[in-house]
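A.B. asks: Following this message is one structure expressed as structure tokens.
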């Protein structure tokens, strides 16, 4: 089964892209849990945060990208950043991703 996030990264699947650079892409969540709910994924496939870290993923680069996304979406200083690692933690798509949520948060 093909990874839906890999397909979005490659342009094979539709997504409402918000911000992107050479390492990450941010797009609107299809099932938002807040007024602003975007997903940030590394362009390279890693199953989860642990795999991303093991592969040398840079938290400095990722956090700088998150801050850029928050600024560009007008939610800087007022957002939640969440990631799930593994099915028992609620991960359903096994391509590392972070949720950026802001405004009117519903159950998450």
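A.B. asks: Can you find even one residue in the stretch 16-24 that is under 11 Å from the mean Cα position of the chain (by Cα) and touching a residue at least 60 places away in the same chain (Cβ under 8 Å)?
C.D. replies: No: the stretch 16-24 contains no residue that is under 11 Å from the mean Cα position of the chain (by Cα) and touching a residue at least 60 places away in the same chain (Cβ under 8 Å).
A.B. asks: Here's something else I'd like to know. If you check residue 100 against the conditions, is it surrounded by fewer than 20 Cβ atoms within 10 Å (Cβ to Cβ), in contact (Cβ under 8 Å) with a residue 24 or more places away in the chain, in contact with a helix residue (DSSP H, G or I) (Cβ under 8 Å, 6 or more places away or on another chain) and not in a helix (DSSP H, G or I)?
C.D. replies: When the stated conditions are applied, residue 100 does not pass them.
Throughout, read-outs are computed from the coordinates displayed, never taken from laboratory work. Because the structure is a prediction, the values reported are computed rather than measured. Quick reminder, even Gly has a Cβ in these numbers, built from the backbone with ideal geometry, and neighbours come from all protein chains shown.
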